Amino acid sequence: MSVTQVTQVAAYAAPAAKAPLERTTVPRRPVGEHDVLIEIKYAGICHSDIHQVRDGWGEGIYPMVPGHEIAGVVAEVGPGVTKFAVGDHVGVGCFVDSCRECDYCLRGQEQYCVKGMTGTYNALDKQGEPTYGGYSTHLVVDENYTVRIPDGLSLDVAAPLLCAGITLYSPLKHWQAGPGKKVAIVGLGGLGHMGVKIAAALGAEVTVLSQSLRKQEDGLRLGASHYYATSDEATFEKLAGSFDLVVSTVSAPLGLDAYLGLLKVDGALVNVGAPEEPVEVNLFSVIQGRKTLAGSMIGGIAETQEMLDFCAEHGLGSEIELIPASEINAAYDRVLASDVRYRFVIDASTI
């Protein structure tokens, strides 16, 4: 497939808010000077896809093609491309552009772009055209917003790293998870299971905090040293003041005061899950112990590449269930029912 003009490609899209996804076609721009055309091989299903398709985070742009965990092969490059060649294994994460001029963009934190990053889907590009994500067969992206997938990672298990992997890697690195640090991961789902793997590979002592002990065997296999059920009130008493870092991956509102109580003095509770509803916190839970209540959002391009290289070095891929595109809507229901271990990945050849 050569793209010298706007081309229609097969995709799965939600035609309206809360509507089931259906097969359709969407336009892809011509390959420009610094663009790469990617033949998508796999696309992960992120919980945020469901939030946006179902208008959980505000008004969406429809038809909406979700997908920001994209792994594929370079099929064509623009004449000015220097970073990639045809045949390279590449990935695209949660954004495909930014202002490139603000302090955050210039220091490689494009996700915090002052003017706002351009989302891989459900956004408008600089020409005012809607962006369409990875539930499709092909994607055209600027080379500067594309990352290389190392040879040590197969594309199917690498795809979810473009969101789930970097979403956990970034805060774990920023808050210095490593030897001598006690880290708790709240929730063992698509995000949480990568948090356990990465924190353990960084050398931290890892504890999983989950509603029940149903996934305990998995948590220990993935690298956790301890596993506790948060439905048991004794857990919060037993673990009070235990952790340097608690990372919450859940998208449902939590009683943050209880989790702040798990921190040591100067500990941090970092939220990477994004509930649709507001949450309350008693500020005394923060003041007593000089604790930090923080958030973290994915990572910049350079850090995403660093994460992929780290995962390849340590043999860390996502735990996936590979599905054909025809099962996307059923997969959404299963994600909401916590019925996946631990990330659905769409085989793009079935789109």
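The values are calculated or read from the model by the stated rules, or taken from the named source; none is laboratory data. What you are looking at is a predicted structure, and each value in this text was computed from that prediction instead of being measured. All Cβ positions, glycine included, derive from the backbone under ideal geometry; neighbour counts span all protein chains shown.
Okay, residues lined up against (1) aromatic (F, W, Y); (2) in contact with a helix residue (DSSP H, G or I) (Cβ under 7 Å, 6 or more places away or on another chain); (3) surrounded by 23 or more Cβ atoms within 10 Å (Cβ to Cβ):
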site: G56; (1), (2), (3): no, no, no
site: G60; (1), (2), (3): no, yes, no
site: G87; (1), (2), (3): no, no, no
site: V96; (1), (2), (3): no, yes, yes
site: G108; (1), (2), (3): no, yes, no
site: L124; (1), (2), (3): no, no, no
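Look at the range 310-338: where a residue is free of Cβ contacts under 8 Å to residues at least 60 places away in the same chain and a partner is assigned to a loop (DSSP other than H, G, I, E, B), sitting 6+ places away or on another chain with Cβ atoms under 6 Å, you get E321/V340; R334/V340. What do you reckon, is V65 among the hydrophobic types (A, V, I, L, M, F, W, C) and either buried (at least 19 other Cβ atoms within 10 Å of the Cβ) or closer than 28 Å to I320 by Cβ (or both)? Against the criterion (among the hydrophobic types (A, V, I, L, M, F, W, C) and either buried (at least 19 other Cβ atoms within 10 Å of the Cβ) or closer than 28 Å to I320 by Cβ (or both)), V65 qualifies.
May I ask you to list the residues in the range 262-278 that are surrounded by 11 or more Cβ atoms within 10 Å (Cβ to Cβ), out of contact with any helix residue (DSSP H, G or I) (no Cβ under 6 Å at 6 or more places or on another chain) and more than 12 Å from F243 (Cα to Cα)? Result: N271, G273, A274, P275, E276.
Screening V157, V141 for residues that are in contact (Cβ under 8 Å) with a residue 60 or more places away in the chain, in the same structural domain as L308 (by TED's automatic domain parsing), among the β-branched types (V, I, T) and outside any helix (DSSP H, G or I) leaves exactly one candidate, V141. Looking across A330, A302, A312, A294, one residue alone is of a type in the set (A, V, I, L, M) and assigned to a strand (DSSP E or B). It is A294. When the range 171-204 is filtered for residues that are farther than 30 Å from Y332 by Cβ and assigned to a loop (DSSP other than H, G, I, E, B), the ones remaining, listed by number, are W175, Q176, A177, G178, P179, G180, K181, G203, A204.
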